[in-house]
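Okay, so here's the structure we're looking at.
The values are calculated or read from the model by the stated rules, or taken from the named source; none is laboratory data. Since we're looking at a predicted model, the values are computed, not measured. With ideal geometry, Cβ positions are generated from the backbone for all residues, glycine too; neighbour counts draw on all protein chains shown. The area values use the complete protein model at the heavy-atom level, side chains included, leaving out ligands, DNA and RNA. Shrake-Rupley method; radii C 1.70, N 1.55, O 1.52, S 1.80 Å.
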Amino acid sequence: MIQMDNTEIITRYLVEEFLPDVDVTELPPDYDLFAGGVVDSLALLKIIDWLGERFHLNLEDIEIAPDNFRTVHAIDSFIGAAGAHLVGKGMS
């Protein structure tokens, strides 16, 4: 079984949920999801909920800023920071 990295997992999710007519390879990891109309405030809530479930993150104590979700790379960085935040609190 081939293991995907977080960037691939995030990209697949975004394409499946918000861009069903787009191929996964057509969404660059640095594409601005807000400016491109892929993500709006409702979609952002859905993404945050999915991240918590998919990556086992408790996001209640973490500051959530829209810029953390502007691109696939930004979301991947947010996951890393959220995981480090949880480790720092002894919650991993």
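For His56 and Asp5, the difference between the fully extended length at 0.36 nm per residue and the C-alpha to C-alpha distance is 16.8 nm.
For log10 I(q)/I(0) by the Debye sum over Cα atoms at q = 0.12, 0.15, 0.17, 0.21 Å⁻¹, the choices are (i) -0.54, -0.67, -0.76, -0.96; (ii) -0.36, -0.56, -0.71, -1.06; (iii) -0.47, -0.62, -0.73, -1.00; which was calculated from the structure? Here log10 I(q)/I(0) by the Debye sum over Cα atoms at q = 0.12, 0.15, 0.17, 0.21 Å⁻¹ agrees with entry (ii). Given a 10 angstrom Cα cut-off, can you work out which residue in Thr71, Thr25, Thr11 is the most mobile in a GNM of the chain? Comparing Thr71, Thr25, Thr11 in a Gaussian network model of the chain, the most mobile one is Thr25. Taking the C-alpha atoms only, the angle from helix 72-88 to the longest principal axis of the chain is near 10 degrees.
Glu8 sits with roughly 90 Å² accessible to a 1.4 Å probe, with DNA, RNA and ligands left out of the calculation. Taking the simple approach of a point 7 Å from Cα along Cα-to-Cβ for both Leu19 and Leu42, what is their distance in nm? My value for the distance between the label points is 2.0 nm.
Between helix 41-54 and the chain there is an angle of about 60 degrees, using the helix long axis and the longest principal axis of the Cα atoms. Taking all Cα pairs closer than 8 Å and separated by 6 or more residues, the relative contact order of the chain comes to 31 percent.
I'd like the orientation of helix 6-18 relative to the chain: the angle between its Cα long axis and the longest Cα principal axis, in ° from 0 to 90, rounded to 10. Around 50 degrees separate the two axes.
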